[in-house]
Every structure is written in C-alpha cells, then in structure tokens.
Amino acid sequence: MIRTVLVANRGEIACRIFRTCRELGVSTVAVYADADAGALHVREADAAVRLPGAAPSETYLRGDLVVRAALAAGADAVHPGYGFLSENADFARAVTDAGLIWIGPPPTAIEAMASKTRAKELLGIDPLDEVTEADLPVLVKAAAGGGGRGMRIVREMAALPEELRAASAEAASAFGDGEVFVEPYLENGRHVEVQLLCDAHGTVWALGTRDCSLQRRHQKVVEEAPAPGLPAALEASLLDTAVRAAKAVGYVGAGTVEFLVADGRAHFLEMNTRLQVEHPVTEEVYGVDLVALQLAVAEGRALPPEPPAPRGHAVEARLYAEDPARSWAPQTGVLHRFEVPGGVRVDTGYASGDAIGVHYDPMLAKLIVRAPTREEALRKLAHALERAVLHGPVTNRDLLVASLRHPEYARTEGLDTGFYERNLPALTTPPEGARYAAVAAALAGAASRAGRFGGGWRNVRSQEETRTYDGHEVRYRPTRDGGHEVTSPEGVRVVSAAPTRVSLEVAGVVRHFDVAAYEDGGAVHAGAHRLTPRPRFTDPTDLQEPGSLLAPMPGTVVRVADGLAVGAPVTAGQPLLWLEAMKMEHRVIAPASGTLTALHAAPGRQVEVGALLAVVQEHAPSEAQEEDPA
C-alpha cells in the first residue's frame, strides 16, 4: 500500500498528482530547484526537498538527487509526471533498486518504446538512414522525448545540418539525451492518439481516441476526446494497433500511442510511456482518474475487465504565457490575478501573485470542459476563456477563443496540424472590443488621476487629452459636470467612469469594463483585454540606433553564428545568434542586408527582454537600383 508519493517533477503536473493523492489519503513530497523555491507545487505538497544544482532545468534531470530526496523524505513511491525523467529507464531502475515503488511502466517497456527509433523498429518501421532531395520535406525528432522539443521541419537539404544540430541541442537540454532521427514529414495530417491503461495481470484498456491537431512549433495547443469524424473502421484500427503495441512489450501503467492520420490512413508516430499533458480530456469522457488508476496498478491491483463507457465530448485548451503574433515569443513577469469562472476544470501550477520565469515551458494552465456534444463543449470553453481574469504578461487567450470559434475548426475536415499556418494572421487580429477597452483604460486612468490630484473648475472649454494603447488612439475631454466626453473613437458615450470600472454605451448597447493597472511593465487590463500604453513623451535614452536587434524575450545566448564579427556583411534573414528560453531555441535573424556594426551577444550571456544584441547597418540602395529603368 502506497502511503507517501514523491513527484519527480514540477508545476502543473506535480499539482495535479498532488490533488489525487490528497483525495486518496496519500501524503506528498515535492522536489524543487532554487528557481522554484516559492512555486505552487512546493506550497501544495506536505513536504519538499531542495535539489541542488547550477542550472534550474538540469536539476530535475538528476535522478540520483531525486532518489536521495525520496529516501530522505520517507516516501515509498515515485511518480515521474511527464517530461524530464518520465521516460528514462535508468531512473526507473534506480527508483526500484532503492526499494521504492515506481509509478510507471517497467524499464524494459520504457527502453522498447521511449526511444522513437527503437519503437519504430519494434513495429517494423525504419527511420530514414540517409536523406535525399526526394525525401523532402522531412522531420527531425528527438528520440528520447516529446512536447515539440528537439523537433524541426526541413524543406531544403542545405538546412539539414543546422536543424540536426539545433534539434539535438534542444533534446539534450530538455531530456538529457541529444539523440535525434529523421522521418518523412506528412503535410496537414491529423494528430490522433489512443490512451492506454494496463495492469500487471494482462488487462489492457484502450480508452478511446484524442485529437491533438491544433499545434504550434509541434506543441499541442487544443486537444479533444473523442477524436471527431473518424471513420469507424479507422478508429477500430487505431485502437487495435495501440493494444498490440502495449502487449508486445508487456506494458504496465498509463501510456499513449500516437498516430498521424492522412488520406484515410494512420501512420505510427510513437508510444509515450508516461501520462500525457492532455490526459484530462480522456478522464472527463470516461469518468476516471488516471493518476488514481496509476497508483492502483503500481500497488499490484487488477483493473476491471472492461473500462467505463464514454460519455459526451471534452475539450482542453493550453493557456500559455506567449505572444502568438510575435512568433509565439514566451513571456515572463508576475501573474497578478488568475481567476476562471466556475464549471471549468483548471489544471495549473500557478496562482495569483506567482512569477513566470524563463527556465521552463510557458504553459500557465489547462482549461478543460465536458459537454454532451462537441459543439457545446467548444462554446463553453471559449466562453470560460473569454471571462477568465488574466492580469499579467501577454498570453494566448485571444488566440484560443478565436480558434475554438473558427468555422474551419468546427468542421472536422479543417482539423489538421496546418491550422495555425493557414489561419494565424486572422486569429491574431485584435478583437473588435479592444478599441472600446482602450477607451475604458483611458477613462479609468483619468478618474484615478482626478482622485489623486483633485479636480479644478475652469470657465473655458478643456483641451482634449490623448492616450494610445496598442495602436488604438483615444481622445477625450473633461465636462463641466465632472465627467468625460469621448471625441475619438466616435459614437461612444460615457455612462460612468471610476478608477476600476468603466461603463460605455456604443450604438445603444452598454458594456462594462473592469480595469486594473500594475506598476510593473505598465500594462492595463480592461475586461478581457490586455493593453500596453504608449508613453506620451519619449525618453531620449530609450531611442535605439536604426538596425538594432533587441532580445525578443529573456533568455540565454547559446550560440553566435560561425565567423560573425563586427564589420562582417550579413543578408536579410540570415541567422545571427540563438537564444534559449523556456527550453526552446529561438533564432535572431538579420532584418535586412547590410553590415554588422555592433555585437553585444556572447555564448552564455543572460539577457532580458529588450536587451541590445547587435546592430545591422542597412546597405543604401545603389544608384543603379534608384534609377528609373525607363
């Protein structure tokens, strides 16, 4: 009988496992790197053990430290969560060798399936040994993990060496294993997977399908169960293949078999020998707790012969601290307020007041809903996201709402991994309500200033004041009765304006905006809109030399292009350096052809967002280019 579980992980998944343990009466132990000393998963555990280490992300990859922590805390079982050491067979052996219960599959099954190359060989599928032009496009993938890390699409042979290097570096950073392989890349397929749960007595549950096709950078954004619109014969084939794969390696515990479905055929991708991020949608449809079942299986208990019957449809959206309109750049800062309306399951590793750092994945939370039909589930989830209070860094909330309401996503024939490539510009267009939210922000600010400094009666008409938020210009002037008149945008009547709440009437419709501003970063939150004010006066020290390349995010410079030095010529689009942030590498490219006149980046240097990295002086057009060819 398991009495105390140490979770060898952090953030959302650690908190989710702790929740089930509390319900079962099982004590919990957290581990943490120094950067996570105040994190939610540390606060929620019954006990916590610090893992010493220089680099926060590498700390969670030290299996020896985790085992030592479990023994010191008196734990009798270890749950790996997902990522980090969850698919590391040596770690699983170290846990059992220490006399602890491993809440996961046998090490032999991990070895057979956790490496994607060996898994394909087991099923008779060979990765590409040598890539030729005829094989393009191809996909470079990490052999030891998932989550989009260590994954690159290659469309040109010349790009292959660099993408192999970058994928290997990402994989080594995320999983401690830099092995990568290459396979054919199928454009615009559907990512469909089967959830498995197996006991040690030969029972194998196939808990239906999930669709995880909405992805950015090969990381899932929206998932649902069951996968909609699959022909019955194809679905049966997926379930059968997944069960055969589990039985072939004597699998025990929770696992997932992933496929790419294209042209009515299913192509095996991999088997993940762990709990998936998107497991909640299966739990909601089947009415089970997969973590509780993992513990039961680890204790040697038998599953019932058949799983429960599915019911309804469930959808999950991953809320990220990132800016989809700026190449999905991760964001950092304080999450001042985080509140979600009732009736929605929220799995998260953050609470109001927590800081979002640079060391880990930028996922803030997963919002999950279940409803009788897919249409109702999509509507309910979009509404909950829209009403959530998110005060802090930029998030992908607006993108998620627009995605869930997009007609192409509503149709199963528009559901594939190319969804964001086709639709991102339209999905990142600021919503119509943003211009009125800007009005509310301006009036709330005016009301706040009036409250601090008092009002003054004038016998002449007041001058207009102007405020600009994210390109939305607002003009207004005080009125004799102490209120305000909005002159731009036209057609807006001020019903009431206070420092924290503004009501506006537009075309006969009154809308209310709760407004909040915070001292760090200057963002203003009005309703569901996050607005960045433009300073009224430009500080001369903020002016940058033309051609300045600024860090798009906080991170660490991991590499500078070979031979790059001041005075070197560069071409538009040429990669100049690489930043690592939140376990991903991000290229910084030359904005135009010219000469590198300054280089302030060096490998190992940590930079904050907006830090000056380099300066490219653009080449002036030649006289021949300027002459009229006529």
- Query: What's the number of the condition residue 145 fails, among (1) closer than 16 Å to residue 274 by Cα; (2) part of a helix (DSSP H, G or I); (3) modelled with pLDDT under 85?
  - Reply: (2)
- Every listed condition ((1) modelled with pLDDT under 80; (2) over 27 Å from residue 51 (Cα atoms)) holds for residue 132 save (1)
- If you check residue 202 against the conditions, is it in a strand (DSSP E or B), closer than 20 Å to residue 240 by Cβ and at pLDDT 80 or above? no
- Considering every residue within segment 332-347, establish whether at least one is at pLDDT below 95, within 27 Å of residue 379 (Cα to Cα), surrounded by fewer than 18 Cβ atoms within 10 Å (Cβ to Cβ) and touching a helix residue (DSSP H, G or I) at 6+ places or on another chain (Cβ under 8 Å). yes
- Query: What helices (runs of 4 or more DSSP H) completely inside segment 1-105 contain at least 1 residues that are at pLDDT 95 or above and surrounded by fewer than 17 Cβ atoms within 10 Å (Cβ to Cβ)?
  - Reply: 11-24, 40-44, 63-73, 89-97
- Item | Residues of segment 360-380 classified as modelled with pLDDT of 95 or more and under 23 Å from residue 330 (Cβ atoms), total | 6
- Query: When you go through 229, 287 one by one, which is the residue that is of a type in the set (Gly, Ala, Ser) and either without any contact (Cβ under 8 Å) to a residue 60 or more places away in the chain or at negative phi (or both)?
  - Reply: 287
- Query: Condition test on residue 254, is it at negative phi and modelled with pLDDT under 95?
  - Reply: no
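Report yes if residue 260 is crowded, with 17+ Cβ neighbours inside 10 Å and at pLDDT below 95, otherwise no.
Considered against the rule, which asks whether it is crowded, with 17+ Cβ neighbours inside 10 Å and at pLDDT below 95, residue 260 comes out as yes.
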- Item | Criterion: surrounded by 15 or more Cβ atoms within 10 Å (Cβ to Cβ), modelled with pLDDT of 95 or more, within 20 Å of the chain's Cα centre (by Cα) and among the polar types (S, T, N, Q) - qualifying residue of 417, 395 | 395
- Could you look through segment 309-328, keep only residues that are in contact with a strand residue (DSSP E or B) (Cβ under 9 Å, 6 or more places away or on another chain) and outside any strand (DSSP E or B), and pick out the one that is surrounded by the most Cβ atoms within 10 Å (Cβ to Cβ)? 321
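Go through segment 268-308 and give me each residue that's aliphatic (A, V, I, L, M) and under 22 Å from residue 258 (Cα atoms). Walk me through how you get there before you give the answer.
To start, the set of residues in segment 268-308 that are aliphatic (A, V, I, L, M) comprises 269, 271, 275, 277, 281, 285, 288, 290-293, 295-298, 302-303.
Once the filter is applied, which keeps residues that are aliphatic (A, V, I, L, M) and under 22 Å from residue 258 (Cα atoms), segment 268-308 yields 269, 271, 275, 277, 281, 285, 288, 290, 291, 293.
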- Checklist (1) at pLDDT 95 or above; (2) surrounded by 21 or more Cβ atoms within 10 Å (Cβ to Cβ) applied to residue 271, failing item: (1)
- Message: Condition first: touching a strand residue (DSSP E or B) at 6+ places or on another chain (Cβ under 6 Å) and in a strand (DSSP E or B). Now tell me which residues in segment 216-234 satisfy that.
- Response: 220, 221, 222, 223, 224, 225
- Task: Considering every residue within segment 337-347, establish whether at least one is in contact with a Gly (Cβ under 9 Å, 6 or more places away or on another chain) and either farther than 19 Å from residue 30 by Cα or of a type in the set (D, E, K, R) (or both).
- Result: yes
- Would you mention how many residues in segment 179-198 are out of contact with any Lys or Arg (no Cβ under 7 Å at 6 or more places or on another chain) and either without any contact (Cβ under 8 Å) to a residue 60 or more places away in the chain or not in a strand (DSSP E or B) (or both)? 8
- Residue that is farthest from residue 466 (Cα to Cα), among those in segment 512-533 that are among the small types (Gly, Ala, Ser) and out of contact with any His (no Cβ under 7 Å at 6 or more places or on another chain): 528
- Query: Can you name the condition, by its number, that residue 597 falls short on among (1) in a loop (DSSP other than H, G, I, E, B); (2) at pLDDT 85 or above; (3) touching a strand residue (DSSP E or B) at 6+ places or on another chain (Cβ under 8 Å)?
  - Reply: (1)
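The values are calculated or read from the model by the stated rules, or taken from the named source; none is laboratory data. In this text, all values refer to a predicted model and were calculated from it rather than measured experimentally. Neighbour counts are summed over all protein chains in view; Cβ atoms, including those assigned to glycine, are modelled from backbone coordinates with ideal geometry.
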